[in-house]
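Okay, structure first, notes after.
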Amino acid sequence: MRMSPRLNRWLWLMFFASLANAGVACTGTVGGPSQSNGGPSTGGPTGFAGATGGQDPAALACAQSGRVLNVGVTPLRRLTRDQFNNTVRDLIGATGSPADMLSDDEKIGPFHSNAIAPITTLEVQQHKEVAGTLAAAAVARMRQIAPCDLVADTGTTCATQFVTQFGRRAYRRPLTSAEVQQYLTLYNLGRQGVDAQNGFRLVVEAMLQSPIFLYHHDVGASGAPKPGVVPVNPYELASRISYFLWNTMPDDTLFAEADGGMLNDETALKSTVARMIDDPKAAATIGSFHRQWLDVEDLAEQAKDSTLFPSYTPALADAMTQELISFSDYVVRQGDGLLKTLLTSNMAFPQGGLFDVYGVSQPAGFKAGTPVMLDARQRAGILTQAAFLTKWSHGDQTSPVHRGKLVRLNLLCGFIGSPPPNVNTSPPAPTAATSTRERFAQHESDPVCASCHVLMDPIGLGFEHFDPVGAYRDIDGLGTVDATGKLVSAGPDLDGSFDGAVELVNRLADSTEVNNCVANQWFRFSLGRIESVNDACSMQTLHEAFKSSGGNIRELLARIVLSPSFRNVRVNGG
């Protein structure tokens with residue numbers, strides 16, 4: 001049905017009125033650096049990790065603050081495309097990936113977070129069109145979505161129930177009486193002269209365009225931004241937890257806990273987190289974290305030389321991605337939950353062509369999702385699995401630069417400066433007579449390159465036993481592989497030489513620097529922002545608790561939810 005100019009104008013008035021009511025603007029807030037999709041970011045704010053002579057900088061900053069409650073500024077964040085897809089699935093039963101019609105997400109560090117650039121007119125139009133399409137499709141499910149029979153309703157009783165209950169789920173909080181009246185007006189406007197389905201469609205379409213639906217709404221109990229640090233209200237906390245652990249809106253149980261004030265109790269909050277981690281929805285979120293952390297989301301688009309690697313197909317790339325998702329979920333939710341296991345286990349989840357990549361036979365009666373043990377002398381953890389090794393290689397040769405850079409940035413939370421202007425960043429052409437180590441030696445011999453490459457290449461060279469599709473090899477060029485490497489300026493418990501990826505990842509797994517960085521990364525993922533000096537006391541507690549738990553990731557997730565930075569908000573510098 002074509003929308004009348006009057007109704008179209010009403011929807012836009014509602015859109016901008018809801019902006020004013022929310023106390024927000026349709027612009028992002030600078031919250032950290034965007035990360036390019038073309039390679040690991042060169043860095044940006046590094047948070048509280050890195051080589052500091054053995055002292056945790058978060059602990060130092062917390063002590064200097066006098067341990068006064070403070071949290072970093074919370075940016076205004078729009079739902080990511082995954083969050084949008086998941087939310088409309090749970091809200092109205094939408095299928096597919098409607099957010100594919102929206103602009104690409106921004107990144108803060110390695111993670112998706114639309115909290116930087118102002119929203120554009122084009123993006124507003126995209127959301128309008130997607131909302132219209134989704135609302136039209138939802139009409140067929142009106143009887144499942146509405147709590148009563150809108151068609152049979154001759155008054156406003158059912159319409160009021162629908163607006164109130166559906167609005168509570170869409171806004172992720174109860175509607176105000178003024179909001180209920182606005183949507184009832186829209187419903188009646190759509191129903192007059194047409195039918196209840198049209199009124200239903202217009203309400204759904206309007207709510208899916210509201211900034212309160214499209215943005216994470218974190219302002220505290222007052223409902224409007226206030227200076228200083230204030231606790232988030234129970235509905236905001238419920239949404240924070242749900243989008244952190246499930247990447248979607250709260251379920252009925254979580255809404256009920258917010259209604260009953262249960263989320264104010266730490267014991268109840270711990271039980272809530274445990275329930276949600278046990279839910280299958282958490283599996284997808286854990287997989288998403290690790291795909292973003294290792295920056296392998298676009299693995300299927302990775303091109304390989306078809307002559308050198310004829311077995312590399314979209315199906316093989318998908319198997320690599322699925323293995324990463326299955327392995328990380330198995331460790332975090334079903335196994336011991338330990339970071340050390342994630343980084344050092346020789347367990348893998350191959351399927352299809354991955355068995356050939358790993359050089360093992362598929363067991364009789366094998367079922368996808370079943371763990372397979374690989375040679376522990378060759379494989380240890382997530383960094384020796386095919387997804388990471390394949391993504392961070394070139395099409396015709398490995399890349400010690402990219403592999404080392406990813407480790408430096410995302411496991412050590414380090415910083416690497418951008419290359420000088422006009423420098424040639426093309427890799428040296430491979431030849432049959434030279435090894436990768438020989439070709440990339442020029443980086444250390446050239447003083448213009450050496451200061452940065454010494455932080456990356458010696459780490460990446462430790463993975464040289466793995467070719468561009470992750471297969472193990474002993475020969476490179478005309479000689480045997482030399483996979484020795486060195487960690488420089490990585491912290492007192494890491495600096496020094498190592499031989500091969502297995503030794504490297506075991507060193508990383510035992511490192512306080514890596515422990516702290518992984519805690520930082522999960523914090524960034526949870527709130528869509530980089531930690532700041534104002535989060536120092538929260539970060540110190542997370543670092544210490546994560547270490548004392550033996551690096552238990554499940555416990556870390558609960559600790560993040562309980563932290564002051566997660567349960568409070570500061571929307572400005574006041």
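The values are calculated or read from the model by the stated rules, or taken from the named source; none is laboratory data. Bear in mind the structure is a predicted one, so any value in this text is a computation, not a measurement. So basically every Cβ, Gly included, is an ideal-geometry build from the backbone, and we count neighbours across all protein chains shown. Surface areas here come from the heavy atoms of the whole protein model, side chains and all, with no ligands, DNA or RNA. Shrake-Rupley method; radii C 1.70, N 1.55, O 1.52, S 1.80 Å.
Miscellaneous remarks
- Restricting attention to the range 177-226, the residues that are of a type in the set (Asp, Glu), part of a loop (DSSP other than H, G, I, E, B) and farther than 19 Å from Gly132 by Cβ total 1.
- Output for the range 521-541, where each listed residue is within 17 Å of Ala63 (Cβ to Cβ) and touching a residue at least 60 places away in the same chain (Cβ under 8 Å): Glu531, Ser532, Val533, Asn534, Asp535, Ala536, Cys537, Ser538, Met539, Gln540
- Criterion applied to Glu531, Glu444 was being within 30 Å of Thr80 (Cα to Cα), of a type in the set (Asp, Glu) and either surrounded by fewer than 23 Cβ atoms within 10 Å (Cβ to Cβ) or in contact with a Pro (Cβ under 9 Å, 6 or more places away or on another chain) (or both), and the one residue passing it is Glu531.
- Candidates Gln209, Gln192: the one that is among the polar types (S, T, N, Q) and more than 28 Å from the chain's Cα centre (by Cα) is Gln192.
- Evaluation of Ala348 against the conditions (1) under 25 Å from Phe566 (Cβ atoms); (2) without any contact (Cβ under 8 Å) to a residue 60 or more places away in the chain shows that the sole unmet condition is (1).
- Condition met for Lys547 (farther than 21 Å from Ala59 by Cβ and either open to solvent by 50 Å² or more (accessible area, probe 1.4 Å) or in a helix (DSSP H, G or I) (or both)): no
- Residues that are in a loop (DSSP other than H, G, I, E, B) and of a type in the set (Gly, Ala, Ser) within the range 321-340 comprise Gly335, Gly337, listed in sequence order.
- Contacts under 6 angstrom Cβ, first residue in the range 402-429 being touching a residue at least 40 places away in the same chain (Cβ under 8 Å) and within 16 Å of Ala509 (Cα to Cα), partner among the polar types (S, T, N, Q) and outside any helix (DSSP H, G or I), 6 or more apart: Cys413/Thr46
- Counting the residues of the range 447-460 that are more than 28 Å from the chain's Cα centre (by Cα) and among the aliphatic types (A, V, I, L, M) gives 3.
- Among the residues of the range 227-244, some residue qualifies, meaning at least one is within 23 Å of Arg524 (Cα to Cα), among the small types (Gly, Ala, Ser) and touching a His at 6+ places or on another chain (Cβ under 8 Å).
- Count of residues meeting criterion [in contact with a helix residue (DSSP H, G or I) (Cβ under 6 Å, 6 or more places away or on another chain), assigned to a helix (DSSP H, G or I) and either open to solvent by 20 Å² or more (accessible area, probe 1.4 Å) or not small (Gly, Ala, Ser) (or both)] in the range 92-117: 3
- Selection status of Leu383, part of a loop (DSSP other than H, G, I, E, B), surrounded by 13 or more Cβ atoms within 10 Å (Cβ to Cβ) and touching a helix residue (DSSP H, G or I) at 6+ places or on another chain (Cβ under 6 Å): no
- A Cβ distance below 9 Å, combined with a sequence gap of six or more or placement on separate chains, defines the contacts here; from the range 131-149, residues that are among the polar types (S, T, N, Q) reach residues that are modelled with pLDDT of 95 or more and surrounded by fewer than 18 Cβ atoms within 10 Å (Cβ to Cβ) in the pairs Thr133/Met101; Gln144/Gly93.
- Filtered by the rule that a residue be over 18 Å from Gly381 (Cβ atoms) and either open to solvent by less than 10 Å² (accessible area, probe 1.4 Å) or touching a Phe, Trp or Tyr at 6+ places or on another chain (Cβ under 8 Å) (or both), the range 468-499 gives Pro468, Val469, Arg473, Thr484, Lys486, Gly491.
- Residue check, Ala317 assigned to a helix (DSSP H, G or I) and open to solvent by 50 Å² or more (accessible area, probe 1.4 Å): no
- Residues of the range 420-441 satisfying the condition of being within 27 Å of Asp305 (Cα to Cα), modelled with pLDDT under 85 and open to solvent by 60 Å² or more (accessible area, probe 1.4 Å): Asn424, Thr425, Ser426
- Residue, surrounded by the fewest Cβ atoms within 10 Å (Cβ to Cβ), within the range 204-229, restricted to residues that are among the small types (Gly, Ala, Ser) and touching a residue at least 60 places away in the same chain (Cβ under 8 Å): Ala224
- Residues of the range 517-547 that turn out to be small (Gly, Ala, Ser) and under 10 Å from Phe111 (Cβ atoms), as a count: 2
- Taking residues in the range 318-329 that are in contact (Cβ under 8 Å) with a residue 40 or more places away in the chain, and partners anywhere that are hydroxyl-bearing (Ser, Thr, Tyr) and part of a helix (DSSP H, G or I), the pairs with Cβ atoms closer than 9 Å and at least 6 places apart or on different chains are Met320/Thr390; Ile325/Ser288.
- Any hit, the range 167-176, residues being farther than 28 Å from Trp522 by Cα and assigned to a helix (DSSP H, G or I): yes
- All positions within the range 230-269 that are closer than 19 Å to Phe84 by Cα, in contact with a Phe, Trp or Tyr (Cβ under 9 Å, 6 or more places away or on another chain) and open to solvent by 20 Å² or more (accessible area, probe 1.4 Å): Tyr235
- Selection status of Asp100, closer than 30 Å to Leu409 by Cα, touching a strand residue (DSSP E or B) at 6+ places or on another chain (Cβ under 7 Å) and of a type outside the set (Lys, Arg): no
- Matching residues, the range 385-415, being out of contact with any His (no Cβ under 9 Å at 6 or more places or on another chain) and β-branched (Val, Ile, Thr): Thr390, Thr398, Val407
- In the range 426-472, the qualifying residues are those that are assigned to a loop (DSSP other than H, G, I, E, B) and touching a strand residue (DSSP E or B) at 6+ places or on another chain (Cβ under 7 Å), and the one that is farthest from Phe498 (Cα to Cα) is Pro468.
- Flag for Ala256 being assigned to a helix (DSSP H, G or I), touching a helix residue (DSSP H, G or I) at 6+ places or on another chain (Cβ under 6 Å) and farther than 22 Å from Arg524 by Cα: no
- Considering residues of the range 386-406 that are assigned to a loop (DSSP other than H, G, I, E, B) and among the small types (Gly, Ala, Ser) only, the residue least open to solvent (accessible area, probe 1.4 Å): Ser399
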